[in-house]
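Take a look at the structure below.
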Amino acid sequence: MDLSSLKPAAGSRKKRKRVGRGPGSGHGKTSTRGHKGQRSRSGGMRSIQPWMQGGQMPLHLLIPKRGFRNIFKQKFQIINLFSLEGCPADEPITAEVLKKHGKIKSLNIPVKLLGQGKIEKPLTVKITACSKTAREKVEAAGGKVEEV
């Protein structure tokens, strides 16, 4: 056995379909596109979106809509009390300080403090919103919460 006798496995290689090469090829004239219609024209396949269904009722209108979406919902970046452990106690904790320490991702989205975890040192927290339990725990440790 040598390199010149190697062949691919039977059926693993298929010949390319050559369309528009005359009637003898079996793919001449309409080039496997059929007669008339959008898909038979040049550029017809590019202009059809995958969700296009012709004159049929579009799928997104057929499916029943359920529930309620509040367009006025306020999105918050959530931060818990246990996340404030690494923050210094001498300066007030604001969104800028939290961003500097890598606790939040963006300064444009408001921050809400939640009460999961414990806190021992007195902290001054100045953020957008705070839960009731988080406020109680911060004040019990001798700190204070200001909503900006």
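Observations, loosely collected:
- Any hit, segment 56-74, residues being part of a loop (DSSP other than H, G, I, E, B) and closer than 30 Å to Ser31 by Cβ: yes
- Any hit, segment 22-31, residues being of a type outside the set (Ser, Thr, Tyr), farther than 30 Å from Lys132 by Cβ and not in a loop (DSSP other than H, G, I, E, B): yes
- Selection count, segment 93-148, where residues are part of a strand (DSSP E or B), free of Cβ contacts under 8 Å to residues at least 24 places away in the same chain and either farther than 17 Å from Phe76 by Cβ or among the hydrophobic types (A, V, I, L, M, F, W, C) (or both): 2
- In the set (1) surrounded by 10 or more Cβ atoms within 10 Å (Cβ to Cβ); (2) of a type in the set (A, V, I, L, M); (3) modelled with pLDDT of 90 or more, Met52 fails one condition alone, (3).
The values are calculated or read from the model by the stated rules, or taken from the named source; none is laboratory data. Since we're looking at a predicted model, the values are computed, not measured. Positions of Cβ are generated from backbone atoms using ideal geometry, with glycine treated the same way; all protein chains shown enter the neighbour counts.
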